[in-house]
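The values are calculated or read from the model by the stated rules, or taken from the named source; none is laboratory data. Computed from a predicted structure; not experimentally measured. In this analysis, Cβ positions are derived from the backbone assuming ideal geometry, glycine residues included, and neighbour counts consider all displayed protein chains.
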Amino acid sequence: MLTGLAVTGCSRTVIVEPAKDAANPKCADILLTLPDEISGQKARTTSSQGTKAWGDPNVAVLRCGVTPPGPTTDQCVSVSGVDWISKPSEDDETTWKFTSYGRTPAVEVLVNRKAESGNDVLAAISPTLSKFPPKNECVGAEDIAG
């Protein structure tokens, strides 16, 4: 969860609460291969392991190592072969929350809906996650009917 900003020297650090499994070695692999820029917005320094943020003000904030979501009726979108559970943030009406589905560790991305399209952010991040094979995939009613 994004909790605010702290000023350190000339740059502002994004304060991000780490996920429960942020120390997972796969999170380090994921963070090392994430883009340095999304839609022209440069990556910023964050306060916690397993996190990354882009833009000033923030366009997107990522936390690796969140609890993988179980089966849900929430909307699922697939971007570059990566499934994401999509829903509005419970904390802020201007933020949309995407959580990777079927991959461990799970990744959560908070997108500022006023600043950037969730599709653009996921299109930039999904190629990194696609390097880790899914254990599950989203299915719809049409997939299980029969």
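So the values come out like this:
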item: Unique match (being on the phi < 0 side of the Ramachandran plot, among the basic types (Lys, Arg) and assigned to a helix (DSSP H, G or I)) among 87, 26; result: 26
item: Complete set of residues in the stretch 106-132 that are among the small types (Gly, Ala, Ser) and in a loop (DSSP other than H, G, I, E, B); result: 115, 117, 130
item: Tabulated pairs, the stretch 11-40, first more than 17 Å from residue 66 (Cα to Cα), second in a helix (DSSP H, G or I) and among the acidic types (Asp, Glu), C-beta under 9 angstrom, 6+ apart or interchain; result: 38/120; 39/120
item: Any pair with Cβ under 6 angstrom, 6 or more apart, that starts in the stretch 54-67 at a residue that is at pLDDT below 90 and ends at one that is assigned to a strand (DSSP E or B) and not β-branched (Val, Ile, Thr); result: 58/112
item: Selection count where residues are assigned to a strand (DSSP E or B) and either in contact with a helix residue (DSSP H, G or I) (Cβ under 6 Å, 6 or more places away or on another chain) or among the small types (Gly, Ala, Ser) (or both), scope the stretch 31-51; result: 2
item: Matching residues, the stretch 18-34, being among the hydrophobic types (A, V, I, L, M, F, W, C) and either surrounded by fewer than 18 Cβ atoms within 10 Å (Cβ to Cβ) or more than 14 Å from residue 125 (Cβ to Cβ) (or both); result: 19, 22, 23, 28, 32
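A quick yes/no check of all residues on (1) at pLDDT 85 or above; (2) farther than 19 Å from residue 81 by Cβ; (3) within 16 Å of the chain's Cα centre (by Cα):
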position	(1), (2), (3)
93	no, yes, no
106	yes, no, yes
111	yes, yes, yes
118	yes, no, yes
124	yes, no, yes
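To keep it simple, each residue is scored yes or no on (1) surrounded by fewer than 19 Cβ atoms within 10 Å (Cβ to Cβ); (2) closer than 25 Å to residue 13 by Cα.
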position: 36; (1), (2): yes, yes
position: 39; (1), (2): yes, yes
position: 42; (1), (2): yes, yes
position: 48; (1), (2): yes, yes
position: 53; (1), (2): no, yes
position: 65; (1), (2): no, yes
position: 87; (1), (2): yes, no
